[in-house]
Amino acid sequence: KTPSGIRIVPIEGFCVGSLVDLRHVNARGYVVLCRADVDAESVSMRNFLHYHQEIYLKQHVDVIREVAFDYDSNMEVDDYLESYGSFDGATDQLSAVTQKEIMGLSRSRRNTMVKHNKSRSMREQPADCGDIFKLLKFQDKITSSEHQPSQFLANKINATFTRLQNEGIVYLGKKRGPLESFLATFPEATRKVISPEKIQQGYIRMGAIDKESKCRPDMDVLLNTIAGDGKDKKTRLKAIKDIIVDHFDEFMNDFRDYGRIREDTLNKYFGEDYGMDGESMPCPETLARLSQARYTVLTNENIVNELEDKRREAQEEKKAKAGRERAVASKYLESAAAFEQDLAKLNMPIESVTEDVLLKPGTTTVPKLLGYVVSRNSSDAAAAAAIKKTQTKKPLVDQALEVISAPLLLSLGREEEEEDQEPDRLAPDVTLVAADAVVASELLRNPIWTDDARTLFGDTIVGGLADTDISQDDIDRADLLSKLLLSRLRRLKEKKIINTDKHKHYALSWYASNTPVMAALMVLFKHCVGNVSCIKLDECLLSGPENFADLDDCEDSMGAYLVFDMVRRVFCRSGKAHSAKRDAAPRTFGVRRTEHKEDALNNPEKSNFHSSYPHKNARRDTGEAIRGYFDDLNFKAALGWKHRVGPSGAKILTSSISNGGLFVWDDATMNRLGSTKSRLQVKEVQMDLVAYLIESTYDIALEKSKNVSASAGWERFLLEFA
């Protein structure tokens, strides 16, 4: 359920001071869960990627600029607002921050990123230089959940993990209790430890700010972090300081032009020796390397290109290694096939083959035995290539007999295609919060969005249902429903869209980006069950028929509808009704229901729906069992709008959320819609797309065994607008 391996979980009240400061009672914090059964470095890299984009640049750098300097984030960043960030050289963090796209984002936001030596964190990182981490560990030991000023947070954390466990997202077993206890006590521990003074303490100790002004670097302290120890330390510090002061412009020009102090520059002033009062003191061999490692400006163009070259070389080596492994595995498969031919020549049941038979001269060879053994024990080329080649025949015979009836496991896999550019390393996933992602709960918190939804769909919803206040349970339900709908969308593509090339069709990508919107609408209009976490993948997510308007009350509307079996008391189908052509009569709910009735009477074999629910008076050519009669069906509105929607309604349907609309309309989708060969205007095509979206969302919400529709939907877009 979390392909990226990361789940970011919001918890209300999980922040410093939230339990004792009423100003923060509605604040929320986040717990990041990382799955252990996927590539750990990749998961950690994604975590850092999210932090750098969403937390550091947007919620830290931009907010400080806005609060302290009255800066508008939509404006160009002036020179005096340039920000600087530093981090250690951990591989996963470096992989995230040094991606070309991220470096470009940092440069566009006038943010300079500097890497220092990861092995010197205790001297160079402010958080490590201060006492906060030490005090937090101490406070965690003495703070317990019994001493919490309120059970509010503990209850919220418990409810969150219960929901995640019910969804099958996380299972902690015996670890759950200690983890919940730790999280519940953490805000109180941090409140007692974290203060402006303690934060400044770390910056002062590593020299980023001086003790008096707290706004200027302290050069003596900074130099003290690299000069080492020994009786000549003071002399060494003064000599280094004099060189830096005397040649400061030259060092800064290196940083500006090359992203680091060049080795030639370091050797020029530190490579041989430096002296004071005529005393010669050799420079430590590590000084040049240490200075270069500590001060690397990652946003510098030269450094970016250098890192890209290294990454490209690593990618090429990885590809070459995979090719070598495939070649080895291919030989093993050829040998295994040859061994099977030898077995066939024996003309005896395979279970009757013995050690004596295989050891008999002329029966088979060592390479063939080895190939067969490897092909039955290794599933991929890398594992096969790593196997030690045993050249003795008898041990190989014994191993071959152990797997003589085993299936073939070894596969060469898919050979990587040549690409003109590097693959997208960001690989965004729906469970990773993106900069422009829509969140169902945030839509429900937006009164303008909810009022527009009530106005647009008002004629097709049950009066009064959508006017009730939105509760916290509704908000939580919307975010969960959004994820469940996305899971069902994946199943829809796998089961109903046979052509896998269509799985990445722009219409289906647009569908995925709008699942939070549909989840919010279904919760707003009480169209989903109360506790969606209890509903299995194949069960119905919809609430009862009383929460859906009868088509008799909205016959002249368009959008999507539902069909309810009044005998079995289940929803059995969803459908779409929207004008497909500008010169045709409006294809409203009423028109579509009449078309279904005529087909159920005159041509019930036309579709699985009509053959399952034929008209009582229909002439049927087959004796297939039916589920009921068309006369026993009640047509309900899912969501729809007046066929004469008007300018204001059209704007709500076809504008992006940021421009006052209800749905996500990204540039990629709009560009594709504008290039279609349809005679329809783009806005009409957009409305048709919305109708498909509603139809398909309610279709995947039905119970699988009761759904009589065999179609995947989206026919016009997957075919005509492909």
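The values are calculated or read from the model by the stated rules, or taken from the named source; none is laboratory data. Note that the structure is a prediction, hence the values are computed from the model and not measured. Cβ coordinates were reconstructed from backbone atoms using ideal geometry, including for glycine residues, and neighbour counts include every protein chain displayed. Each accessible area value is taken on the protein alone, full model and side chains, heavy atoms only, with ligands, DNA and RNA left out. Shrake-Rupley method; radii C 1.70, N 1.55, O 1.52, S 1.80 Å.
Could you calculate the FRET efficiency of M252 with R568 from 1/(1 + (r/R0)^6), where r is the beta carbon distance between them and R0 is 51 Å, rounded to 0.05?
Numbers: r = 78 Å, r/R0 = 1.54.
Calculated transfer efficiency: 0.05.
Counting Lys and Arg as +1 and Asp and Glu as -1, what is the net charge of the other residues whose Cβ lies under 15 Å from the Cβ of G362? Walk me through the numbers before you get to the answer.
Values: positive: K345, K360, K368, K393; negative: D342, D356.
Net charge in that neighbourhood comes out at +2.
When only alpha-carbon atoms are used, what values of Rg and Dmax, in angstrom, describe region 526-654?
When restricted to Cα atoms, region 526-654 yields Rg and Dmax of 16.4, 51 Å.
Considering only Cα-Cα distances, which of the following residue pairs are longer than 27 Å: K134/K175; K58/K137; K134/K211; K321/K502; K58/K504; K493/K706? Provide the component values of the computation, followed by the final result.
On the way: K134/K175 24 Å; K58/K137 29 Å; K134/K211 21 Å; K321/K502 33 Å; K58/K504 30 Å; K493/K706 19 Å.
Pairs exceeding the cut-off: K58/K137; K321/K502; K58/K504.
By average Cβ neighbour count within 10 Å, what is the ranking of 440-446, 371-377, 491-497 from highest down?
Working: 440-446: 20.0, 371-377: 23.7, 491-497: 14.9.
Taking the mean over residues of other Cβ atoms within 10 Å, the ranking is 371-377, 440-446, 491-497.
In sequence order, what are the phi-derived ³J(HN,Hα) couplings for region 364-374 according to the Karplus relation 6.51 cos²θ - 1.76 cosθ + 1.60 with θ = phi - 60°, rounded to whole Hz, with x for glycine and proline?
7, 10, 4, x, 5, 4, 4, x, 5, 4, 5
Going by average Cβ density within 10 Å per residue, which order do the peptides 685-694, 346-355 take, highest to lowest? Let's see the in-between values first.
On the way: 685-694: 23.0, 346-355: 10.9.
In decreasing order of mean packing, 685-694, 346-355 become 685-694, 346-355.
What do you get for Rg/Rh of region 457-498 when both radii come from the Cα atoms and Rh is the Kirkwood radius? List each step's numbers first, then the result.
Details: Rg = 15.1 Å, Rh = 12.8 Å.
On the Cα set of region 457-498, Rg over Rh gives 1.18.
Only sites in a loop by DSSP and with at most 11 other Cβ atoms within 10 Å count here; which chymotrypsin sites (Phe, Trp or Tyr not before Pro) in region 153-248 make the cut? Mind dumping the intermediate values first?
On the way: sites: F161, Y171, F182, Y203, F248; in loops: Y171.
In loop regions of region 153-248 (DSSP not H, G, I, E or B), the sparsely surrounded chymotrypsin sites (Phe, Trp or Tyr not before Pro) are Y171.
Over region 532-668, with every protein chain in place, what whole percent of the accessible area is carbon and sulfur at 1.4 Å, could you tell me?
Details: 2940 of 6630 Å².
Roughly 44 percent of what the probe reaches on region 532-668 is carbon or sulfur.
Would you tally the net charge around S405, using a Cβ to Cβ cut-off of less than 13 Å, leaving S405 out, and scoring K and R as +1, D and E as -1?
On the way: positive: R376; negative: E340, E351, E402.
Net charge around S405: -2.
Place the peptides 153-159, 213-219, 239-245 in order of packing, highest mean first, counting for every residue the other Cβ atoms within 10 Å and averaging per peptide.
Sorting 153-159, 213-219, 239-245 by mean packing, highest first, produces 153-159, 239-245, 213-219.
Under a point spin-label approximation (7 Å from Cα along Cα-to-Cβ), what is the E340-K606 distance to one decimal in nm?
Distance between the two pseudo-spin positions: 5.0 nm.
Among the lysines, which fall within straight-line cross-link reach of K345, defined as a Cα-Cα distance under 21 Å, with same-chain neighbours fewer than 8 residues apart omitted?
K360, K368, K393, K394
Multiply the residue gap between N224 and D78 by 0.36 nm, knock off their C-alpha separation, and tell me the result in nm, one decimal place. Don't skip to the end; give the middle numbers.
Details: separation 146, 0.36 × 146 = 52.56 nm, distance 3.33 nm.
Using 0.36 nm per residue and subtracting the Cα-Cα distance, I get 49.2 nm.
Report the gain in length on full extension from K597 to N347: 0.36 nm times residue separation, minus Cα-Cα distance, nm rounded to one decimal.
On the way: separation 250, 0.36 × 250 = 90.00 nm, distance 6.53 nm.
Length gained, K597 through N347: 83.5 nm.
Nearest 0.05, what FRET efficiency do D309 and C534 give at R0 = 51 Å with Cβ-Cβ as r?
Details: r = 53 Å, r/R0 = 1.04.
Given R0 = 51 Å and the Cβ-Cβ separation, E is 0.45.
Can you work out ³J(HN,Hα) from phi for every residue in region 339-353, in order, using Karplus 6.51 cos²θ - 1.76 cosθ + 1.60 and θ = phi - 60°, giving whole Hz and x for Gly and Pro?
5, 5, 5, 4, 5, 5, 5, 5, 6, 8, x, 5, 6, 8, 5
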